[in-house]
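Right, one structure below, let's go through it.
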Amino acid sequence: MGTWVHRVLAAAMRGTPVSGEFFQFPGRATSEARLASELGGLRARRPDDRYWDSFHGDVARAARELLSRVYELPSPGFAAVEVDVPDGATIPAGDAGNVRVHGRMDLVLSDSGQWRSSNIEIVDFKTGSGPLLSARRMNSTGASLQLGVYLHAVLSMGAKAGVWMLKPEEQPRRIGEEALERASAKLGLLGSHLVSGLYGARTPDRGEFVRGFEWPLACAPIAASILEAKFEATFGTMPPGVTEDADD
């Protein structure tokens with residue numbers, strides 16, 4: 001479902017091109033009308049049965065809710081949808097230094113229609129049941145670290161920026177520059193892996209409530225306590241600033 005939600009939202013929000021990837025951000029009424037048209041076209045291309053009625057209903061509800069969330073954010077003037085991280089963008093990765101990165105962002109809002117010297121808000125759409133965006137959680141478990149990478153990348157281009165996670169039926173969550181260093185501390189750990197070429201698995205225990213079948217003996221999961229001990233023996237303690245505390 002998520003792929004279709006992203007597609008109809010991208011089509012609904014595209015506007016008149018102004019510079020490179022950026023376009024004039026359309027008004028809410030225009031985007032809502034386009035979304036309705038995209039959703040109608042999506043339904044017309046599928047069989048007339050209850051399964052596709054249900055699927056279309058789920059896509060429509062999520063897309064409408066997410067579009068509404070976008071227009072609750074500060075009006076940007078310019079935007080880009082499904083846009084690649086700008087060429088030359090880097091992230092700080094501890095011992096590995098500044099590392100160039102590539103990726104694609106769902107939506108970028110800009111006050112000037114460019115990357116450099118702009119006020120930019122990165123928007124990531126989520127339709128699944130994963131955790132909400134949280135600087136503490138990103139620091140603790142690495143959850144949504146991808147969004148921290150996006151934010152670092154845009155900042156490296158000379159912009160002032162923040163990153164949002166938008167989910168249907170949830171309040172928007174944002175991480176700004178002021179919380180980014182602590183939130184993305186695990187990038188330093190990844191940098192040490194890049195330099196050493198050594199990587200360690202650290203996964204939770206898999207019990208009867210998180211799997212619906214018996215694991216074959218050849219791939220039986222290793223207990224989390226054993227993985228933790230191996231990780232510490234290989235890499236030592238975690239870098240300063242990285243914690244393993246829980247989050248709400």
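Provide a single number: the residues in the range 1-34 that are part of a helix (DSSP H, G or I) and within 14 Å of Leu107 (Cβ to Cβ).
At the first step, the residues of the range 1-34 found to be part of a helix (DSSP H, G or I) are 2-13, 28-34.
Cutting the leftovers down to within 14 Å of Leu107 (Cβ to Cβ) gives us 5-13, 31.
Final tally of qualifying residues: 10.
Among the conditions (1) closer than 17 Å to Phe22 by Cα; (2) in contact (Cβ under 8 Å) with a residue 60 or more places away in the chain, the only one that Ile91 does not satisfy is (1).
Going residue by residue through the range 145-152, is there one that turns out to be part of a loop (DSSP other than H, G, I, E, B), at pLDDT 95 or above and out of contact with any Phe, Trp or Tyr (no Cβ under 6 Å at 6 or more places or on another chain)? First the steps, then the outcome.
Taking the range 145-152 and keeping what is part of a loop (DSSP other than H, G, I, E, B), we get none.
No: zero hits.
Of the strands (runs of 3 or more DSSP E) lying entirely inside the range 45-140, those containing at least 1 residues that are crowded, with 17+ Cβ neighbours inside 10 Å and among the polar types (S, T, N, Q) span 104-110. The set of residues in the range 21-46 being polar (S, T, N, Q) and farther than 26 Å from Val85 by Cβ consists of Thr30, Ser37. On the stretch given as the range 130-149, residues that are in contact with a Lys or Arg (Cβ under 9 Å, 6 or more places away or on another chain) and either of a type in the set (A, V, I, L, M) or without any contact (Cβ under 8 Å) to a residue 12 or more places away in the chain (or both) total 6. Just to be sure, is Ser156 surrounded by 21 or more Cβ atoms within 10 Å (Cβ to Cβ), over 13 Å from the mean Cα position of the chain (by Cα) and more than 29 Å from Val59 (Cα to Cα)? In short, no.
The values are calculated or read from the model by the stated rules, or taken from the named source; none is laboratory data. It should be emphasised that the depicted structure is a prediction, and the values quoted were computed from it without experimental measurement. Positions of Cβ are backbone-derived with ideal geometry, glycine not excepted, and every protein chain shown enters the neighbour counts.
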